[in-house]
1. Which of the peptides 287-300, 169-182 is most tightly packed, and how do the rest follow, going by the mean number of other Cβ atoms within 10 Å of each residue?
2. Roughly how many nanometres apart are two label points built 7 Å out from the Cα toward the Cβ at Asp322 and Asp82?
3. With each run of n ≥ 4 DSSP H residues scored as -39500 (n - 2.57), what mean residue ellipticity at 222 nm is computed for the chain after dividing by its residue count and rounding to the nearest 500 deg cm²/dmol?
4. Cα-Cα pairs above 19 Å in segment 235-355: how many percent?
5. Sort 154-161, 192-199, 237-244 by packing, meaning the average of other beta carbons within 10 Å per residue, with the highest value first.
Amino acid sequence: MLPHRNCPRMDVVAVGVGGAGGRIVDELHRDDAGRSVSYLAASRVFDTDTSSLGALDRVPSDARHPFGTLEFDGSGADSDADAARDAAADQATELRRELDEVITTSVTGILLVAGLGGGTGPGATPVLAEELTRVYDRPVHCVSVLPTGDDETACENAARGVEALDSVVDCQIAFDNDAWIGEDDSLEDRLPALNRELADRLGSLLVAGEVEAASPVGESVLDETDVAATLDAGGLATIGHASAPVSKFRDVEDSLVGRLKGSLLEDASDMERREAVTSTLQWAVRGQLTLDCDPAESTSALVLFSGPPDWLHRGAVADGRDWVAELSTNAELRSGDAPVPGGDSISVLVVFAGIERAPRIEDLQWYGG
Ligand SMILES: Nc1nc2c(ncn2[C@@H]2O[C@H](COP(=O)(O)OP(=O)(O)OP(=O)(O)O)[C@@H](O)[C@H]2O)c(=O)[nH]1
Ligand SMILES: [Mg+2]
């Protein structure tokens, strides 16, 4: 299901469900406010826990809605996903009505966001997704956050949540906390940084290809229809991202005079520019995807290179595209470049979508029995 083609850009309504969902939507507001192009039309957060709603920072207070108050007394579902599902089902129409006024004709899609290891997220999100797909002719995607470790209840909730969402949403963009948290890290301490990283990647994807009006146009331009078509593959999607300052790739004398000479008088060599694009791309794919998976499992993929125009070497961008095409041999690949005049770093964003199998999903099914 593609968004309306005459929409100039992605304009999504983000809907957080449960504690993690609300906090990540909060970060999306922060990310959106820091960009030159906005992708966030509005947001809503639904939770059974009133104190989690109260602790949000950026989500406007009239966009925060408690539900299941009778069942949970405002203190959360305590990992009881079945009870959260029943409460959401009883109030499905009411919850959806909270969205009616913000899902205007210019909105290109609905982005649900939930942690699937607790109760509210995996219980209520599939119910809401079903209600939304029934009423609106708009793509519904879900950012599905997977829990850390091997806690049986969390794994079972997540495995069931992923499965329930799979049959209703257009695509799940997965974020695996387990891959992002070291054994010695405390989850609490790491969450703010993880939420920022996730919001940054989602934001980069949602504005993919958008450049300021005065910027030169890339050799090959990506737009919102490419992003929508990539996610339209369904199943699971994973996002990789890397950014490096171009100075890292300048092979100039390491002295003040050398640096000035190198940066002011000489253009970067072809080799330096190829190296910059290639290594940033490899880092984006091999560094840390939001969900670890084999790109060969994907049926659609997207790669976007951005950076100062003279660094987006045509040959290097073409080589990079070929490299991604080889990794994701079964995928329809969309690629583009977005020149950023005056920019001082190269960034690469990759998405693999249409994935049906990933090691972490199998783990969750195993631990969750
Ligand atoms: N990335 C990220 N993960 C989180 C965050 N908070 C919680 N999680 C993870 O998400 C899972 C679900 O947590 P919550 O979202 O708080 O649970 P909930 O949906 O509110 O469910 P209940 O509290 O049981 O009603 C946890 O097991 C954590 O793994 C967060 O802010 N960011
Ligand atoms: Mg909660």
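No lab work stands behind these numbers, since they all come straight from the coordinates. Please read all numbers here as calculations on a predicted model, not as lab measurements. FYI the Cβ positions are ideal-geometry reconstructions off the backbone, even for glycines, and counts take in every protein chain you see.
1. Numbers: 287-300: 19.5, 169-182: 21.0.
Descending packing order for the listed peptides: 169-182, 287-300.
2. For Asp322 paired with Asp82, the spin-label model returns 5.7 nm.
3. Numbers: 14 runs with 152 residues, N = 369.
So the calculated ellipticity at 222 nm is -12500 deg cm²/dmol.
4. Working: 3354 of 7260 pairs.
Here the tail beyond 19 Å accounts for 46 percent of pairs.
5. Details: 154-161: 24.0, 192-199: 18.0, 237-244: 22.0.
The most tightly packed comes first, giving 154-161, 237-244, 192-199.
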